[in-house]
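Taken together, the values in this text are just the output of simple stated rules run on the coordinates, not laboratory data. Nothing here was measured: the structure is a model prediction, and the numbers come from that model. Positions of Cβ are generated from backbone atoms using ideal geometry, with glycine treated the same way; all protein chains shown enter the neighbour counts.
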Amino acid sequence: MPDTAVPPAGASILAIEARGLAKHFGDVRAVDGIDLDVPRGMIFGILGPNGAGKTTLLRMLATLLPPDAGSAKVLGFDLKESPHEVRGSIAMTGQFASLDEDLTGRENLILLARLWGFRGQNAKKRADDLLTAFDLADAASKQVKDYSGGMRRRLDIAASLVVTPGVLFLDEPTTGLDPMARKSVWRMIRSLSEAGVTILLTTQYLEEADQLAARIAVIDHGRKIAEGTSRELKAATGSGFLHLTLVDAARVEDAELMLEEITGNKPQRSSEGAALSLMVDTPQNANRALAALIAANIELADFSMGAPSLDEVFFALTGQITEPKNAEGDV
Amino acid sequence: MDDTNSTISLIHAARPPQPSALSNALVFGWRAVLKFKHIPEQLFDLVMTPIMFTLLFTFVFGGALSGSTGAYLQYFLPGILVQTVVFNSMYSGMGLSTDLGKGLFDRFRSLPIWSLSPFAGLMVGDILRHLIASLLILIIGIILGYRPEAGLIGILEALLLLIVIGFGFGWIFLVLGLVMSTPSTVMTMAFTGIMPLVFASNIMVDPATMPSLLRAFVEVNPVSLMTTAMRGVMAGNITAVQLGAALIAPILLTLILAPLTLWLYRRRK
């Protein structure tokens, strides 16, 4: 058996190369033809709402689910032809902790180390090294069912590093974690990437994709609706956003009409009602919009100018999904 | 993991050579043993029910059914061993269902290991459970006055037969574990299916007094056939026909359900 961490000769510099991957569950097209090129060593984010097909996509790439159509190579190994070699090159941390709750943290890691071929003392040493590195040494002999959410997630990621994977799949690595635990998982992901591991992560948090991923694919209803760096995605939605809060919520409709007339873009109203955000192409347009509101006696409690958040990008992109010409193209 | 250097040293550690399928299976066996250590409650359930049954039937019904508690125990004990093993064979199916619900098997399936080794581990756990429960019942039986005519050889043969029975019935619950969404559904299904098999059998009473329709069922009930063989093994007077009849169900179950289990496992979403 060859060392499966070494990709075949002539393998491309892409860690993941997917073409037209599709998976249907009955009538539901969970993944509906996705192309993906993930360069080696990159943190690549897959951003989408619940049910967009993120997990299905990841499970296909991790050989857990056979695709109905399309093909993919992971580190040069074809999913269908060499699933065993793909499994030798990857590790997957699922959305639900893939740990044995009855066993201790240390026993979980020893179990996996032995499955990977570490023997006797070497398996124990590997487990202890991982526990130390992930700040779990104190909880090593506690059963996993007594772990907190953050500890569980750290152990789960440690379990994916028993041997160093060429590609690490992380399915919503911080879902359900408190902000402190989330920051600590982010640090962990960054340091893995600095150490050279290619990481494909899914998230429904725009901030997470923005913080971690060098490139982001936005998917919705099983299709990729945009891909690029965080900066490119933001640029595609317009140069900037003007955020306004009115003193008098009753005048929000007057303001909306006026702003649309001046800039040609329809403002988005916040759920609270008194705040508006407006895509503006130039700072001059923003100035004109503000001047017009003041002239019309619409008082502002607050205003600010900023690049669009990924949130705004996402809504701008998914809002257009019904138009076929925008549904397919990469941004 | 705030220290990037320690991450880098972890990341650049050497990969061990790939282990054999047997080694993978043994690791899963080790996991089954760890479960006994961490969930002693399950072991308690496992042995308390049969002990209770043995004591209850022997002392409450024994005199009425067989004239004396001693005579009844001699009749009943081989049967309670079969009943215990049939009931306990559902534990690995429940364990499988629990593991699948937690996503643990996703990790196992994404490892480059022999894909059936997790099942080998469940089997190891099953065999240990059957041995522990059977030995305990035997010890209590012997203390209460049960005497296997075939002696130690009879006991060893009986244990072997029990493992074969447990192995065969285990497949039913592995299939249920793969199909049902929760471990408690597996347990409910198991009880619903096993109860009639166990009670409409010759484990507790001689079917001679039963109505003819029921007796017809009891006589072909696999649990009865296995119980008859168990009595024969322990008494040292088993015939080849009795042994063959007892093995029909475990062999058929394995031949039909083992491939089904693997097929269900491989096509799971």
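Below is a table of values for the structure above.
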item: Convex hull (Cα only) mean projected area of the stretch B:116-209, reported in nm² to one decimal; result: 8.1 nm²
item: Tilt relative to chain A, helix A:310-319 - C-alpha long axis, 0 to 90 degrees, to 10; result: 80 degrees
item: Geometric extent, Cα atoms of the stretch B:22-267 - Rg, Dmax (angstrom); result: 18.5, 61
item: Potential lengthening between B:H38 and B:E149 on full extension [0.36 nm per residue; Cα-Cα distance subtracted]; result: 36.2 nm
item: Degrees between helix A:105-115 axis and first principal axis of chain A (Cα, 0 to 90, nearest 10); result: 60 degrees
item: Percent of C-alpha pairs per 20 Å bin, chain A, short to long; result: 28, 48, 21, 3
item: GluC sites (Glu not before Pro) restricted to the stretch A:180-280 and DSSP loop, no more than 13 other C-beta within 10 Å; result: A:E272
item: Inter-centroid distance (Cα atoms) of the stretch B:223-246 relative to the stretch B:54-78, Å; result: 20 Å
item: CD proxy at 222 nm, helix term only [per DSSP H run n ≥ 4: -39500 (n - 2.57); per residue of chain A; nearest 500]; result: -11000 deg cm²/dmol
item: Under the span-like rule (Cα at least 18 Å along the axis, Kyte-Doolittle mean at least 0.0), DSSP H helices of chain B; result: B:21-38, B:40-56, B:69-88, B:117-144, B:151-179, B:183-199, B:222-235, B:240-266
item: For the stretch A:214-287 versus the stretch B:137-189, the gap between their alpha-carbon centres in whole angstrom; result: 68 Å
item: Percent RCO, i.e. relative contact order, over the stretch A:238-307, from Cα pairs under 8 Å lying at least 6 residues apart; result: 50 percent
item: Chain B - percent relative contact order, Cα under 8 Å, separation 6 or more; result: 24 percent
item: Overall form of the stretch A:238-307 per C-alpha gyration tensor (a/c, 1.5; a/b vs b/c); result: prolate
item: Among A:136-148, B:104-116, the order from most to least packed when residues are scored by Cβ within 10 Å on average; result: B:104-116, A:136-148
item: Relative contact order (%) - chain A, alpha-carbon pairs under 8 angstrom, separation at least six; result: 19 percent
item: Principal-axis tilt of helix A:283-295 within chain A, Cα atoms, nearest 10 degrees; result: 50 degrees
item: CD proxy at 222 nm, helix term only [per DSSP H run n ≥ 4: -39500 (n - 2.57); per residue of chain B; nearest 500]; result: -26000 deg cm²/dmol
item: Those lysines that a straight Cα-Cα span of less than 23 Å connects to A:K142, excepting residues fewer than 8 apart in one chain; result: A:K124, A:K125, B:K35, B:K37, B:K102
item: Solvent-free Debye scattering, log10 I(q)/I(0), computed from the Cα coordinates of the protein assembly as shown at q = 0.07, 0.11 Å⁻¹; result: -0.58, -1.03
